[in-house]
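The values are calculated or read from the model by the stated rules, or taken from the named source; none is laboratory data. Because the structure is predicted, anything quoted here is derived from the model rather than measured. So basically every Cβ, Gly included, is an ideal-geometry build from the backbone, and we count neighbours across all protein chains shown. Protein only, heavy atoms only, side chains kept; ligands, DNA and RNA dropped before computing areas. Shrake-Rupley method; radii C 1.70, N 1.55, O 1.52, S 1.80 Å.
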Amino acid sequence: MTEEVREWWELTARWFQDDVDLDVGINWTGVGVDDDLRLLLDVAGKDVLELGCGGGQCSVALAERGANVTGIDLSAEQLEFARELAAERDADVEFLQGDVTDLPFAGDGFDVAFNAYVFQWVDDLAACFRETHRVLREGGRFVFSMPHPVYELADPESHEIEASYFDTGRQVTPQDDLETDMVTYRHRVADVHNALVGAGFRVERMLEPGSPDPDDYEEGPWGERRPELLAKLPSTLVFEARAE
């Protein structure tokens with residue numbers, strides 16, 4: 001992950017956590033909480049790594065379900081919030097600052113790695129997936145969700161396609177009230193899949209959760225998730241993979 005991504009999160013972490021106010025749980029779709037945790041199966045007694053733990057809501061949720069959880073994040077501000085949250089709930093989680101493309105762990109140390117809505121911030125997914133494979137034990141599971149690359153191509157009002165699916169890589173979103181712009185990275189579905197396979201994972205499932213009924217959705221906190229558009233295009237892509 002790049003220095004400009006870290007700088008943006010250091011500036012916005014507290015605002016983000018206050019504005020979104022995520023509940024403790026696995027926020028697979030980026031907004032709201034999916035509390036059934038079936039994607040991660042039974043985590044009790046498992047060594048679990050959250051890649052890009054942010055404010056720690058997911059890590060704390062798994063610790064409360066009996067997992068031995070480690071969370072890593074690029075942002076010191078995010079980690080400070082995460083440690084405060086864990087202390088408030090008396091949850092035993094180890095939080096470390098670091099880059100998901102260069103993990104500060106020995107190999108074969110975890111049974112499960114996961115994250116929710118982090119990989120739009122990571123340029124070099126291949127390096128991240130190689131590192132994740134290295135720290136997972138044989139047969140370890142890797143589960144993550146990310147923004148679906150097709151959703152952001154459409155104008156939220158007209159639903160017309162305004163960008164190319166093939167325009168991958170660095171994407172800059174100007175921030176009116178900040179000197180630092182938000183930088184994310186667009187990845188094609190095939191690129192994500194092939195990077196997983198190249199790192200030694202077996203992809204077991206890809207999911208595109210959604211519904212054709214606009215009434216099944218609520219708008220996001222900044223109006224970026226429009227029910228009418230969500231009923232036409234998936235906004236979330238989920239991968240389940242296993243280390244071989």
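Per-structure values
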item	result
Cα-based shape type of region 1-115, given that a ≥ b ≥ c are square roots of the gyration tensor eigenvalues and the cut on a/c is 1.5	oblate
Residue among 99, 176, 108 with the largest mean-square fluctuation in a Gaussian network model of the chain, springs linking Cα atoms under 10 Å	176
Residue of 195, 154, 76 that the Gaussian network model of the chain assigns the largest fluctuation, springs spanning Cα pairs under 10 Å	154
Cα centre as origin, Lys/Arg/Asp/Glu Cβ charges: region 107-244 dipole, Debye	920
Percentage relative contact order, region 144-205, counting C-alpha pairs under 8 Å, at least six apart	22
Per residue accessible area of region 105-244, 1.4 Å probe, in Å²	49
Share, in percent, of DSSP beta bridges within region 27-178 that are antiparallel, nearest 5	10
Region 124-244 - percent of accessible surface contributed by carbon and sulfur, probe 1.4 Å	47
Candidates 138, 50, 88: whichever shows maximal mean-square fluctuation once the chain is modelled as a Gaussian network with Cα springs under 10 Å	88
